[in-house]
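FYI, it's all coordinate maths here, none of it is from the lab. None of the values given here were measured: they were computed from a predicted structure. Positions of Cβ are backbone-derived with ideal geometry, glycine not excepted, and every protein chain shown enters the neighbour counts.
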Amino acid sequence: MKKQGKAIRKAVFPAAGLGTRFLPATKASPKEMLPLVDKPLIQYAVEEAECCGIEEFIIITGKQKRAIEDHFDAAHELEDLLQRKGKKDLLGEVQRLNGFTCAYIRQRAPLGLGHAILCAKPFAKSEPFAVLLSDDVIDPDESLLNDMIAVYEATQAPVVALETVAPEDVEKYGIIDGAEESRGLYRINALVEKPKPGEAPSRLSVIGRYILTPEIFDLLENIAPGKGGEIQLTDALNQLAKKRPVYGLVFEGKRYDAGDKLGFLKATVELALKDKVLSKGFRDFLENFMRTQGIQARN
Ligand code: G1P
């Protein structure tokens, strides 16, 4: 078996969406640049991929997304200033971001997640690749993507991440029908994009981490628009699952939907409480706040 992580060298980050769930903040700024504590959402996703040995970062952008490119570019004026002021730690943080090998592709029309992935075809070429949706934030202490790569290495099959959701939430996600082959690992029979609660085949939802093989491109090229008139990755995976094994790996760790206002607030609180510098002061503030507001901790 190949060394863990090296089977997947490339990752695709769809980042062309309009961020309508987070208006007005996302009117002129990319939702991927919303900061959780001190890092933008897309940096969490890029670092998660980097931790798995991924070396090439393919970012699918659109209008109003220039800030993403600037974030991973050199910033000479800022670097000179930090150098002169002797702020070595900050300088290191800023310069580290210039080291990622990024490719940027414009998705010229908002035709959906499947179309965004298709835009990566010239860069992914004939290799398997990861897809990370940056508004699904996975706690940096979790090993989800590494675990998915291990499943890919063992099966050579596409893998999606799954989470069990409440019955009323199935209509927010791609939902699978599948059979559990070993603990937490499902062989997928079918996928449905955002079904009505009564029509979902299960409560197992796809969350924004995928390991895909290049076969997906042919399917995406030929698929008809699905839910919302968009080219849906879920529909292409559904076709793929009829032809060859596709797996789903259940994730039981912490995930935040940071593209949603409430999810974003939850992620901010949890990540701030983990931050070495901020945690003490922030915890004191929260405890005091809860006391003065008369909020009781619920068991
Ligand atoms: C997309 C996918 C959906 C998946 C979800 C995960 O939906 O289309 O199948 O469950 O990401 O976050 P979106 O959130 O872009 O509407």
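Annotations
- Shape of the stretch 259-299 from the C-alpha gyration tensor: oblate (a/c of 1.5 or more and a/b not above b/c, with a ≥ b ≥ c the square roots of its eigenvalues).
- Listed residue (109, 273, 201) projecting farthest to the positive dipole end of the chain, Cβ model: 109
- For the stretch 141-288, the square roots a ≥ b ≥ c of the C-alpha gyration tensor eigenvalues yield an a/c of 1.5 or more together with a/b exceeding b/c, which makes the shape prolate.
- Take each peptide in 122-129, 180-187, 237-244, count the other Cβ atoms within 10 Å of every residue, and average; sorted highest first, the result is 237-244, 122-129, 180-187.
- Among the listed pairs 10/63; 125/227; 85/261; 39/196; 63/276, those beyond 30 Å (Cα-Cα): 85/261; 39/196; 63/276
- Charges were assigned to the Cβ only: +1 to each Lys and Arg, -1 to each Asp and Glu. The resulting dipole of the stretch 1-143 about its Cα centre is roughly 580 debye.
- Packing rank of 150-162, 223-235, where each peptide gets the mean count of other beta carbons within 10 Å, highest leading: 150-162, 223-235
- Kirkwood Rh and Cα Rg combined as Rg/Rh, the stretch 1-116: 1.01
- Using a cutoff of 8 angstrom between alpha carbon atoms and counting only pairs six or more residues apart, the relative contact order for the stretch 38-143 works out to 42 percent.
- Net length available on complete extension from residue 274 to residue 287 is 3.1 nm, with 0.36 nm assigned per residue and the Cα-Cα distance removed.
- What you get for the stretch 143-241, charging only the Cβ of Lys and Arg (+1) and of Asp and Glu (-1), is a dipole of about 180 debye around the Cα centre.
- Scaled against 2.2 N^0.38 Å for its residue count N, the alpha carbon radius of gyration of the chain is 1.04.
- Relative contact order of the chain, pairs being alpha-carbon contacts under 8 Å that are 6 or more residues apart, as %: 21 percent
- The stretch 58-182 - convex hull of alpha carbons, volume per residue in Å³: 182 Å³
- Three-way shape call for the stretch 213-299 based on the alpha-carbon gyration tensor, with the a/c threshold at 1.5: prolate
- Dipole moment magnitude, nearest 20 debye, the chain about Cα centre, only Lys, Arg, Asp, Glu C-beta charged: 280 debye
- Cα-Cα separations in the stretch 110-155 greater than 18 Å, expressed as whole percent: 46 percent
- Averaging the sequence gap over all C-alpha pairs within less than 8 Å and six or more residues apart, then dividing by the number of residues, gives the stretch 176-299 a relative contact order of 23 percent.
- Between the stretch 162-235 and the stretch 23-70, the C-alpha centres lie 24 angstrom from each other.
- Computed [θ] at 222 nm, helices only, for the chain once each DSSP H run of length n ≥ 4 contributes -39500 (n - 2.57): -10000 deg cm²/dmol
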